[in-house]
1. Can you run phi through the Karplus equation (6.51, -1.76, 1.60; θ = phi - 60°) for segment 227-235 and list ³J(HN,Hα) in whole Hz, with x for Gly and Pro?
2. Using the Cα centre as the reference, give the magnitude of the dipole from point charges on the C-beta atoms of the chain (Lys, Arg: +1; Asp, Glu: -1; all else neutral), rounded to the nearest 20 debye.
3. Helix hunt in the chain: which complete DSSP H runs extend at least 15 Å axially by C-alpha with mean Kyte-Doolittle at least 1.0?
4. Determine the gain in length on full extension of the stretch residue 92-residue 69; use 0.36 nm per residue of separation and subtract their C-alpha separation, reporting nm with one decimal.
5. Hey, what did the chain get for relative contact order, percent, Cα under 8 Å, at least 6 apart?
6. Please give the calculated 222 nm ellipticity per residue for the chain, where each DSSP H segment of at least 4 residues contributes -39500 (n - 2.57) and the sum is spread over every residue; nearest 500 deg cm²/dmol?
7. Of (1) 30.0, 135; (2) 25.5, 87; (3) 19.6, 59, which one was derived for Rg and Dmax of the Cα atoms in Å from the structure shown?
8. Which three lengths, in whole Å and largest first, does segment 113-262 cover when its Cα atoms are put on their principal axes?
Amino acid sequence: MGSQFAIVYDILIAVVLVFAIFSGAKRGFVSAVVGIAAVFVGFFCAMTFSAPLTELVYTSMVEKPLTEAVSQTLDDNMSSITLSGLSGMDFDSVKISGTPVSEITPDYSGTDKVVIDLSNVDLSGTGFESADLSKFGFGSSEDYAHMNGKTAEFTMADINAYGLGKLATAQVIAVKLAASPMISGIQEYVGIIGGLFPAQFQDISQGISDGEISMVRSLVLTMIDCSSSVKSAVIDHMLRPAFTLVMKTIFFAVIFIVVSCVLDIVARLLKVVNKVPVIGSVNGLLGGVCGAVSGLISICVICILVRFIVTLSGGNVLLLNDTAIDSTFIFRYFYNFEFLNFLT
């Protein structure tokens, strides 16, 4: 979505890099070194302290209120509901309308989403039938060769991440779960959490409470993918990542800006620049080199912020999605640096 305009990312990093180089050359080597040292220290402090500060806030602002708000009975019940019996399932053997998912090529029709008819899903011979799914609305006489998952819309990102077989299986379970008595307990549980943390969980909570199959499917998919209970799926794999992503990004940005600015101001007040001799004709050249390094750090910070927005929006914003970013020529290499994953 927006991949045809993705070149703006490449233009952005080119502008940042060129500006940083010329700025460094103009300031000179010594001044640029002082500036880059401040940026390096700020970046290091932000990476080092954002995680522990986030954990501290999470413990006091999430875990404690949850313990007080959720009854022990409901908590124990949500901890006991799992899909562990599907851990050995062969999702590639799932068939949709008689065709193995491995032979199905989704037709996105120029978008990043596809609508698939799942009214006839064959889960027989996949290991699905060996799991105890009575709590999820499955009876002892179910015909696993002809399961009805209705119609579902899947994104390209989800199909690439989970595979069509796992998504179809989650959809079938979600349809059954939404019509089972157990859904009321789950709705009560997510309703409490949505009330406590509306910014991070309100949409999911409201969707499950309203019986939206896509939201119920998200919960089921998380339970399958992480081999977790309802409680663990909601708290550890849905609420916690959303909360920590926001807090880590905020702490990172604040620490980086504050430390960098304070160190730069202190260096200027102490006149550190004036105490180091200038290196003659290569002063501008070396300043430009330092500026380039500073520019690269700035690009990394931009990538971190873009990652934050992409994750928070679910990749549903123009240009702010993996498809658009993968279409760039240069930006994608910076964006995919492994060490930038520390926020997520």
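1. Couplings: 6, 10, 7, 4, 4, 5, 4, 6, 6 Hz.
2. Values: 18 positive and 29 negative charges, 409 e Å.
Its charge dipole is roughly 1960 debye.
3. In the chain, the long hydrophobic H runs are 7-27, 29-58, 164-178, 183-196, 213-226, 240-269, 283-313.
4. Numbers: separation 23, 0.36 × 23 = 8.28 nm, distance 4.09 nm.
Length gained, residue 92 through residue 69: 4.2 nm.
5. Rounded, it is 36 percent for the chain.
6. -19500 deg cm²/dmol
7. (2)
8. Over segment 113-262, Cα extents along the principal axes are 69, 32, 25 Å.
Every read-out reported here was derived from the displayed coordinates using simple, explicitly stated rules and does not represent laboratory data. Keep in mind the model is a prediction, meaning the values are calculated, not measured. For neighbour counting, all protein chains shown are included, and Cβ atoms are generated from backbone atoms with ideal geometry for every residue, glycine included.
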